[in-house]
Structure formats: structure tokens, C-alpha cells
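The values are calculated or read from the model by the stated rules, or taken from the named source; none is laboratory data. Treat the numbers as computed from the prediction; the structure is a model and nothing was measured. Cβ placement follows ideal geometry from the backbone for every residue including glycine, while neighbour counts extend to all protein chains displayed.
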Amino acid sequence: MDEYEILIFPYNEQDMPEPDRGPAVRSARVQRTGEEGVSGHPRYNGAGVQAEIDPDTLAVEAITIDGAHLPDGWSARVADAAETS
């Protein structure tokens with residue numbers, strides 16, 4: 001796919017029960033750059049976010065936001081169709 005929406009959360013979903021989770025604190029629509037990242041997956045850019053996304057699992061394998069790595073404990077994932085409508 002050539003475009004995804006990435007959601008950024010101030011927690012790791014594995015570490016927090018679902019009722020305690022809040023909404024994404026940031027989102028970004030990213031487009032494929034045509035380059036391969038250091039993870040070996042396609043690189044995407046947009047709205048200050050640079051990410052490498054596994055096209056098979058849609059896992060965000062690497063990400064920077066405004067040139068910085070995510071703070072410890074934060075997470076990023078590709079939004080599903082229900083979250084982008």
C-alpha cells in the first residue's frame with residue numbers, strides 16, 4: 001500500500017488494560033517514499049513522521065516523530081479502517 005495513517009499512543013497496549021487506555025495523542029498520514037529502511041521494510045513519510053512499516057503484518061518496525069524517537073513506553077501502530085473513517 002502506498003499510504004497509511006499512523007496512530008501514536010502514550011502507552012504500550014500490552015502494558016495497559018483496555019479500559020485504562022486513552023485515545024491516540026497524534027496521528028499522521030504517511031506516504032511510501034520508494035526507499036527501504038534499515039529494518040528492511042518500506043519507508044513512509046508525512047506530517048513530521050518517518051516510519052518503516054512491514055507490509056505483511058502492518059507492524060510499525062521503526063519510527064521517528066519530528067526527528068526524535070518515541071519516548072520509552074509509547075507505541076505506534078497503523079490505524080485500521082474503522083479508525084480512519
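Here are a few things to note about the model shown:
- HIS69 meets each of the listed conditions (1) more than 11 Å from the chain's Cα centre (by Cα); (2) within 17 Å of PHE9 (Cα to Cα); (3) touching a residue at least 24 places away in the same chain (Cβ under 8 Å) apart from (3).
- Enumeration of residues in the range 48-85 that are under 12 Å from ALA28 (Cα atoms) and not in a strand (DSSP E or B): GLY48, ASP66, ALA79, THR84
- Scanning the range 46-61 for residues that are without any contact (Cβ under 8 Å) to a residue 40 or more places away in the chain, surrounded by 14 or more Cβ atoms within 10 Å (Cβ to Cβ) and touching a Gly at 6+ places or on another chain (Cβ under 6 Å) turns up at least one hit.
- TYR11 vs. criteria part of a loop (DSSP other than H, G, I, E, B), touching a Lys or Arg at 6+ places or on another chain (Cβ under 9 Å) and surrounded by 13 or more Cβ atoms within 10 Å (Cβ to Cβ): yes
- Selection count where residues are more than 14 Å from the chain's Cα centre (by Cα) and of a type in the set (D, E, K, R), scope the range 14-29: 4
- Options THR33, THR84: the member that is of a type outside the set (A, V, I, L, M, F, W, C) and modelled with pLDDT of 95 or more: THR33
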